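So the structure is just underneath, and the comments pick up after that.
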Amino acid sequence: MRNSLSAIRDAWALSRPFWTGEGRWAARGLLAVVVVLNLVLVAMNVILTYWQRGFYNALETKNWQTFIDLLLLGGTTEDTGFLPGFTLIAALYIVVAVYALYLKQALQIRWRRFLAGSLTRRWLDHRAYYRMAVASDGNTDNPDQRISDDTKFFVDNTLTLGLGLMRAVVTLVSFVFVLWGLSGDVTVFGVNIPGYLVWVALAYSALGTWVTHLIGRKLIGLNFLQEKVEADFRYALVRVRDNVEGIALHRGEEEERAGLEWRFGAVIANWVGIMRATKQITFFTAGFGQVATIFPFIVVAPNYFAGRIPLGALIQTSTAFGSVQESLSWLVNNYPEVASWRATVQRLSGFDRAIAAAEAHAGEGASVVAEPREGLEAAGLDIWLPDGRRLLDGAALSVAPGEAVLVTGASGSGKSTLFRALAGIWPFARGRVAVPAGRAALFLPQRPYLPLGSLRRNLAYPLAEDTFDQAALHAALVDVGLEKLIPRLDASEDWQRVLSGGEQQRLAFARALLQRPAWLFLDEATASLDTAAETRLHELLRERLPGTAIVSIAHRPAVAAFHDRALRLEGGRLVAA
C-alpha cells in the first residue's frame, strides 16, 4: 500500500504542472469532454441492459412487432416501457466512442508535448544535463529514452488507466442499483440478505484482486528493469553505428558482438522473467474471466428454472452482474498495465529528482564574473573530480588581450578540466574567474561538436545559421582547406560521421575565423592534423584574429612557437614552464 501511495504521489508531481500551469483550462476542458463522453458510454451500457431484457422477452414470447420495433427505431414493452431501437443506440454509441477516443488522443499528445518539453527544458537549463552526466548518480541512465519513450508511456497509460478506473467506478455505481433491484433477497442460515447478487460479486472480485496482486506484484520491478536493459542495448547499438571506423580498424567485430550479445542477453533474461510472471498471472486472470462469464447464470438459474423470472430478466441480471464484477475486478484485468505504469513512474520521477538535484547545485563551480577589465584573471582555483580526487589547488592564471598562452602537463593532470572550470561548466571546482564584460569566448575541444543539420548551421554554431552571409562562409571554408564542401553548404548531414577527424577540426577553426571571439581556448584542437596543416591554422589565427587571446592545450613542440609563454600543470599547481 505504501508503495502504491508513493507511486500516486510521484505521478501527481509529474502531472501537476500540466493541469495547473498556463494551459490548464484548455487541458481541463478537453479532459472534461472526454470524461463526459465516457460517462455517456456507461449510461448507454445501462440502457442496453434494459434493451436486452425487452428484446429477449420478445424472443421468448415470440412477439414479432416488439422484436422489429426494438431492432429499428424503438417501441414500448410491458415491463420496461419505451425503449430506443438498436439502430439508434448503435449509431449514437459509435459516434460517442469515436470522439471519446479521438479527443483522448488529442489530450495525450498535448500532455506529452508539455511533459517532454518541460523535462527537456529543465534538463538543458543551467547545464543540468552536464552535471548529471559527470556525476552519474544512477538515476540518469538513458535520458533520451526517459524523455522520448517514458513520457509517452506515462501519458498514455495514465489517461487510459485513469479513464478506465473512472468508468469502472461509474459502471459499478450504475449497475449496482440495477443488480440490487434484480437480486431480491436470499436467506442463508436464517439470515435474510437483500441484494445478495451484489455481495456475491463483491466477494468474488475481492478474492480475485487479492490473488492477482500476490501473483503479479513482481512484474513492477521486472518492467522497471526491462526499460533499462532495453535502453542499454539500444545505446550500445548506437555506439557501434557511430564508431564504425574505429571498430573496423581494430578488427573489433568479435568483441563488439560479444558485448552486444551480453547486453541483449540481459534483455532476454529479464524478458523471460516477465514471461514467467505474466504466464502465472494470465493463468489466473484467464480462468477468473472464464468463470465470471458463466458464474452469474449459475447463481440466477434456480430462479429462472423455477419460473420466477423471464429470459429477458435472466439476461439483464447476467449482464448487470458481469458489469459489477468486471468493475470490481478492474485491477485484476489491468494488473500488467498497472505494473508497467508504476515502473514508468519510477523512471520518470527518478529522472525528475535527478534534474531537481542538478538544479539545486546550479550555482556550484568556479564563479565566472564579467567585469569592466581588459584581461582574463583566474584566482584561487580548486578543482577536483567527482570522486573527490584533487587536480588543482589554488591555481591562478592571467591572460592579456591578444596574448597566446600554452598549457602543458602530463596526461590526466587536469588540463582539460581546467578549461572546463574556466568556462564555468565544471561543477566540482571553486574559485573566481574574471572576464572582460561583453567579450565572447569560444572553446574548441579535440573532438568538435557538430550538430545535426546543414553545414551552414555547423559553421555558425552556436549562433543562428543566418548570422553570416554566403561570401563569409565560402571564405572561411577556403581558408581552412575545406573548399570542396562549398557546394554542400546547405546539405543536411550527420557531419560527425561524414567528415574525418581532421576535417572536423578544420571546420571548428572556420567557426573561430567567422565568430572572431575575444577569447579562444584550444584543447588539442589540431591533434588530428598533420604538422603542415596545424601550422597553417595557427598562422591563420594570429593573422586574422590579432586581438584574440588564445589559451591552448597541446603537446607538439611546433605549436609552442605560436604562443607568447607557456604554463605547466604539475603536482596540482599551475607553474611557468
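Any read-out appearing in this document is the output of simple, stated calculations on the displayed coordinates, not a laboratory observation. All values reported here derive from a predicted model rather than from experimental measurement. Reconstructed Cβ throughout: ideal geometry from the backbone, glycine too, with neighbour counts over all protein chains shown.
See the values below:
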| read-out | value |
| --- | --- |
| Distance between modelled label sites at K484 and R430, nm, 7 Å Cα→Cβ extension | 5.3 |
| Average Cα contact separation per residue, the stretch 367-576, under 8 Å, 6 or more apart, as relative contact order % | 30 |
| Computed FRET value (nearest 0.05) for V98 with V498, which takes r as the C-beta separation and R₀ as 41 Å | 0.30 |
| Per-bin percent of Cα-Cα distances, the chain [20 Å] | 15, 35, 25, 15, 8, 1 |
| Point-to-point label distance, D125-V211, nm (Cα→Cβ direction, 7 Å offset) | 5.1 |
| Separation between Cα centres of the stretch 39-93 and the stretch 512-577, rounded to whole Å | 87 |
| Modelled FRET efficiency - R0 56 Å, V134 with A286, Cβ distances, 0.05 increments | 0.70 |
| Cβ charges +1 (Lys, Arg) and -1 (Asp, Glu), total dipole of the stretch 367-576, debye | 380 |
| DSSP bridge orientation in the chain - percent antiparallel, rounded to nearest 5 | 50 |
| Separation in nanometres of the label points that stand 7 Å from Cα toward Cβ, at R556 and T467 | 2.7 |
| Net charge, A97 excluded, C-beta distance under 13 Å - Lys, Arg +1, Asp, Glu -1 | +2 |
| Contact order relative to length of the stretch 2-360, as percent, for alpha carbon pairs under 8 angstrom and 6 or more apart | 28 |
| Ratio Rg/Rh, restricted to the stretch 247-326 and using Cα atoms, in which Rh is the Kirkwood radius | 1.56 |
| Cα-based radius of gyration of the stretch 367-576 once divided by 2.2 N^0.38 Å, which approximates compact folds | 1.03 |
| Sites S6 and A357, calculated FRET efficiency, Cβ-Cβ separation with R0 22 Å, nearest 0.05 | 0.75 |
| Calculated [θ] (222 nm, deg cm²/dmol) that DSSP helices of n ≥ 4 give over the chain, each run adding -39,500 (n - 2.57) | -21500 deg cm²/dmol |
| Gain upon complete extension [A440, R16; 0.36 nm per residue less C-alpha separation] | 148.7 nm |
| Per-residue Cβ neighbour rank within 10 angstrom, fewest leading, T209, T526 | T209, T526 |
| Residue-span extension gain [V33 to W271] - 0.36 nm each, minus C-alpha spacing | 81.8 nm |
| For T77, distant residues with modelled amide H under 5 Å away | F82, L83 |
